[in-house]
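Below: one structure, written as structure tokens.
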Amino acid sequence: MHARTEAASETASDNPNSWPDDIFGILRRFDVRQVPYVPDAGHSQLIERVLGASSMRGIPLTTEEEGVAVLAGAWAGGQRGVLLMQSSGVGNCINMLSLTQIFRFPFLTLVTMRGEWGEFNPWQVPMGSSTAAVLELSGIKVLRASYAAEVREVVEAAAGQAYNACTPTAVLLSQRLIGAKVFTK
């Protein structure tokens, strides 16, 4: 097969680096309009796609718990949203996550994990080790993707749960998937 034809026929799932594109496509299919985020290298490709889309509004946050309130407001205003954050930000959201139970609005968050696969920063390990449990104790259904080939299926299931069944849902995007950060001087 010619290289150009091969590249053109390659689907997002075939390319292990295209999982952010898979997620972006799912968000568009579910008519997600508001995307609050705290800048994060693990979400950088997805954030770039959101910022370039006229149908979505990327909303930079100063802290992750603001994103829970933004999603509640988006829903009250007739729009869907998704919160992008890192596992360390989950700890900042504990009190605000109660809104998902009180107001029963569709809540979806995509969490890039730290503190696991090849982590260099010891400060990331405690929250990274307890992220799933913290979310579950807060009433959030947790799904996980560790490999590029499963991202599309996991995010699709999570979006269906969040937006169709009104089940607060988090997808943990493992550090193995996003890659361990490397500290350089």
Search the structure for amide H atoms under 5 Å from the amide H of Val32, placed 1.01 Å from N in the peptide plane, and list their residues when 5 or more places away or on another chain. none
Per-residue ellipticity at 222 nm attributable to helices in the chain (runs of n ≥ 4 DSSP H, -39500 (n - 2.57) apiece, nearest 500 deg cm²/dmol) works out to -12500 deg cm²/dmol
Under 10 Å, Cα contacts only: if you run a Gaussian network model on the chain, which one of Ser88, Ser54, Ser129 comes out with the highest mean-square fluctuation? Ser54
Calculate the FRET efficiency for Ala149 and Asn121 from the Cβ-Cβ distance with a Förster distance of 30 Å, rounded to the nearest 0.05. 0.60
Would you calculate the convex hull of the Cα atoms in region 53-124 and tell me its volume per residue in Å³? 108
Nearest 5 percent is fine: what portion of the DSSP beta bridges confined to the chain is antiparallel? 0
Rg and Dmax in Å for region 29-91, alpha carbons only: what are they? 11.1, 32
With every protein chain in place, the chain: carbon and sulfur % of accessible area (1.4 Å): 53
Across the chain, where is the longest run that never hits chymotrypsin sites (Phe, Trp or Tyr not before Pro) in a DSSP loop with at most 10 other C-beta atoms within 10 Å? 1-119
Region 30-185: radius of gyration over Cα atoms, expressed as a fraction of 2.2 N^0.38 Å: 0.97
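The values are calculated or read from the model by the stated rules, or taken from the named source; none is laboratory data. If you're wondering where the values come from, they're calculated on a predicted model, not measured in any experiment. We place every Cβ from the backbone using ideal geometry, glycine too, and count neighbours over all the protein chains shown. Keep in mind that these areas ignore ligands, DNA and RNA; they rest on the heavy atoms of the full protein, side chains included. Shrake-Rupley method; radii C 1.70, N 1.55, O 1.52, S 1.80 Å.
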